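Undergrad: Okay, handing you the structure first.
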Amino acid sequence: MTNVTLAAHPVKLVVDLDGTLIAEDVTILALDKFVHNNPLNVFKVVWWFLHGRAHLKRKLAINVDLDVASLSYNKKLIDFLLNQKHEGCSLFLATACDRLYAEKVADFIQIFDDVFASDGKINLRAEAKANALVAIFGEGNFIYAGNSMDDVYVWNKSAKCILVNPTKSVFKVMKDRIYLIF
């Protein structure tokens with residue numbers, strides 16, 4: 001883990017869900033469960049997808065109950081986040097998964113001050129997530145924890161970067177940035 005000192009508090013620390021806070025991808029879990037329960041549901045999935053990713057995610061969230069307690073949470077990251085919260089950080093969950101799932105996760109672990117997520121109309125992913133966070137906090141006024149190439153858009157607008165289980169391609173793109181790694 002690279003040693004990075006977080007800025008003087010209060011700090012706004014924003015955390016991605018899929019692949020970062022948890023190992024899984026919530027939308028993929030819901031999709032698998034939905035189709036597994038009835039293979040003919042694949043036709044509904046295609047129809048919903050034709051209306052956009054955010055629409056598909058909302059429909060899955062309405063139709064598939066996921067047990068958020070059974071997700072594979074990153075304990076090391078959560079311990080770090082709890083420590084930061086204790087030090088005065090404001091914590092935010094920002095995810096491309098649907099808000100209905102994101103709020104269930106936030107309610108389960110009870111450390112986040114607010115949740116930003118896809119809402120059935122807007123798919124809060126990559127550049128859309130970066131733009132939303134800049135609109136809320138201002139460019140360079142938040143720290144972001146993520147794991148994927150989609151998160152590079154957000155890291156480019158953040159003050160500091162936290163990489164969680166990053167791929168080799170993420171390391172390559174982030175080679176000139178200072179970051180904390182989990």
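The values are calculated or read from the model by the stated rules, or taken from the named source; none is laboratory data. Here the structure is a predicted model, which means the values were calculated and not measured. Please note: Cβ atoms are built from the backbone with ideal geometry, for glycine as well, and neighbour counts cover all protein chains shown.
Undergrad: Considering only residues of region 44-90 that are within 15 Å of Ile109 (Cα to Cα) and aromatic (Phe, Trp, Tyr), which is nearest to the chain's Cα centre (by Cα)?
TA: Looking at residues that are within 15 Å of Ile109 (Cα to Cα) and aromatic (Phe, Trp, Tyr), I get Tyr73.
Undergrad: Criterion first (over 14 Å from the mean Cα position of the chain (by Cα), more than 21 Å from Pro166 (Cα to Cα), at pLDDT below 95 and of a type in the set (Gly, Ala, Ser)) does Gly120 satisfy it? Outline the logic, then answer.
TA: Numbers: over 14 Å from the mean Cα position of the chain (by Cα): yes; more than 21 Å from Pro166 (Cα to Cα): yes; at pLDDT below 95: no; of a type in the set (Gly, Ala, Ser): yes.
Against the criterion (over 14 Å from the mean Cα position of the chain (by Cα), more than 21 Å from Pro166 (Cα to Cα), at pLDDT below 95 and of a type in the set (Gly, Ala, Ser)), Gly120 does not qualify.
Undergrad: Within region 77-98, can you find the residues that are charged (D, E, K, R), surrounded by fewer than 20 Cβ atoms within 10 Å (Cβ to Cβ) and at pLDDT 95 or above?
TA: Asp79, Lys85
Undergrad: Any chance region 156-165 includes a residue that's closer than 30 Å to Leu50 by Cα, modelled with pLDDT of 95 or more and either of a type in the set (Val, Ile, Thr) or surrounded by fewer than 21 Cβ atoms within 10 Å (Cβ to Cβ) (or both)? Let's see the steps before the verdict.
TA: First, pick out the residues of region 156-165 that are closer than 30 Å to Leu50 by Cα: none.
No: region 156-165 contains no residue that is closer than 30 Å to Leu50 by Cα, modelled with pLDDT of 95 or more and either of a type in the set (Val, Ile, Thr) or surrounded by fewer than 21 Cβ atoms within 10 Å (Cβ to Cβ) (or both).
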